[in-house]
Amino acid sequence: MTTQETTGGQGGGKERRSPLFTVFFIVVACLIVLGGILIVQRRAQYKALANDTEQAAIPTVAVIHANVESGEEDLVLPGTMQAYVESPIYARTNGYLKKWYYDIGSNVKKGDLLADIDTPEVDQQLSQARADLNTAQANAQLSEITAARYSELIKTDGVSKQEVDNALGDLAAKRATVQSAEANVRRLEDLESFKRIYAPFSGVLTQRNVDIGTLINAGNGGTSQQLFYLAQTDPIRAYVNVPEAYAPSIHPGIGAYLELTQFPGQKFEGKVVRSANAINLSTRTLLTEVDVPNPLGQLLPGGYAQVHLEVKVKGERLQVPVNTLLFRSEGLRAVVVDANHRAHLQTLTIGRDYGVTLEVLNGLKADDWIVLNPPDSLNDGEEVHVKEVANPMAPPAQPAPAKPAGNAAPAGKKS
């Protein structure tokens, strides 16, 4: 009896421990599964973070297409206008400005009196030189009389041969003194004539740097000693730098005309008169001069103009903004993105410079993706993300036609 009870009690203890063990096992299993899930999630997060970091390391660039221009047109280049003849005017004598007769903007003719200079020192020197000349002439006249008398007396042995030679030598010396005094007088007379400033050619006074009473020093002492600045503006010169690719087409006699923003729709006709016949090494351009008649004085020296040369440019031409270019030590480059989103540094040949845009003669195609504002750190073959933006050179979009007001039906149909 006792043995059975004891055995039955042990069996009942095992039955009571089995549910606890099961619960413990389930909890442990859940923790293991949860830990596995967390590890998998953490690995996924790490992988996603690594992918995001790699993607963030790839730069994003804005890309555009080049602007395509086709057809035939004149060669249009920016130019600078200069006076046909221009010269600063300096004084050749010392003194004080007594009076000036023309101010800036005045049209003067060749030989017109521009100013008078008061030269008291030169006047006194000229008076002294003339007095010295009179003295020298009187001494020479006396020596001439003495030499003539000695030449007659030697015939009767009234004087010696030595005395005759001395008289003739003294006459020659006095005559040389007269010539020296005459040259000094002419020099001072020339200085005296410089007290009047005349226009060396016809033109317009663009500067007047002196006023009455100003101390005048002779010579070219820089802008501080410059009296006037005279410019001949009819005709006027326009200088343009023609790209090397178009240099063979430039020769004297080619028609040309200027366009200025201050004279919209007006053309100032001229022609090419000469070129440098040499390519500038720094700019790779040909310096060309265009002369344009300017009888009304509308064209001003130093002004900017668009110069149209009658050299027909044919074929398809590409234009890109200046902010698509990279200036590298090896030359001008543009960054082009290929189909695999790889950047490539493309060598360019530039034609005309329009200020905000440039003409590309070689190195790009119309369907190329060109990076706008490329960073200097961008390397050839580097992967990039592409973001297409509006072309800043594209013409503005035309406004859409206005829709009919209300719910009115189109004409010819019933609502």
*Answer yes or no as to whether V322 is touching a Leu at 6+ places or on another chain (Cβ under 7 Å) and loosely packed, with under 12 Cβ neighbours inside 10 Å.*
yes
*If we scan the range 247-263, do we find a residue that is under 22 Å from the mean Cα position of the chain (by Cα), touching a residue at least 40 places away in the same chain (Cβ under 8 Å) and within 30 Å of N379 (Cα to Cα)?*
no
*Yes/no for G297 being out of contact with any Cys (no Cβ under 7 Å at 6 or more places or on another chain) and assigned to a loop (DSSP other than H, G, I, E, B)*: yes
*Given (1) loosely packed, with under 12 Cβ neighbours inside 10 Å; (2) outside any loop (DSSP other than H, G, I, E, B); (3) among the small types (G, A, S), where does G351 come up short, assuming only one miss?*
(1)
*asked:* Just to verify a result, which residue in the range 274-287, among those that are assigned to a strand (DSSP E or B) and farther than 13 Å from Q82 by Cβ, is most open to solvent (accessible area, probe 1.4 Å)?
replied: N277
_Every residue in the range 65-105 that is over 30 Å from L309 (Cα atoms), open to solvent by less than 70 Å² (accessible area, probe 1.4 Å) and either within 36 Å of the chain's Cα centre (by Cα) or of a type in the set (A, V, I, L, M) (or both), please._
P88, I89, Y90, A91, L97, Y102, D103, G105
*Go through the range 178-216 and give me each residue that's open to solvent by 70 Å² or more (accessible area, probe 1.4 Å) and either in a helix (DSSP H, G or I) or at pLDDT below 85 (or both).*
Q179, S180, R186, R187, E189, D190
*Can you pull out the residues in the range 106-159 that are more than 60 Å from the chain's Cα centre (by Cα), among the acidic types (D, E) and part of a helix (DSSP H, G or I)?*
E144, E152
*asked:* I'm checking my understanding of the structure. Among residues of the range 298-312 that are open to solvent by 10 Å² or more (accessible area, probe 1.4 Å) and in contact with a strand residue (DSSP E or B) (Cβ under 6 Å, 6 or more places away or on another chain), which one is nearest to I64 (Cα to Cα)?
replied: Q306
*asked:* Out of everything in the range 331-365 that is farther than 30 Å from L309 by Cα and of a type in the set (V, I, T), what residue ends up being farthest from the chain's Cα centre (by Cα)?
replied: V337
*Given the conditions (1) open to solvent by 70 Å² or more (accessible area, probe 1.4 Å); (2) part of a loop (DSSP other than H, G, I, E, B), and given that F327 satisfies all but one, which numbered condition is not satisfied?*
(2)
*Any hit, the range 10-33, residues being closer than 30 Å to H385 by Cα, at pLDDT 70 or above, open to solvent by less than 100 Å² (accessible area, probe 1.4 Å) and of a type outside the set (D, E)*: no
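The values are calculated or read from the model by the stated rules, or taken from the named source; none is laboratory data. This structure is a prediction, so every number in the text was calculated from the model and none was measured. Cβ sites come from the backbone with ideal geometry, for glycine too, and all protein chains shown count toward neighbours. When the accessible area is computed, the model is the full protein with side chains, heavy atoms only, and any ligands, DNA or RNA have been set aside. Shrake-Rupley method; radii C 1.70, N 1.55, O 1.52, S 1.80 Å.
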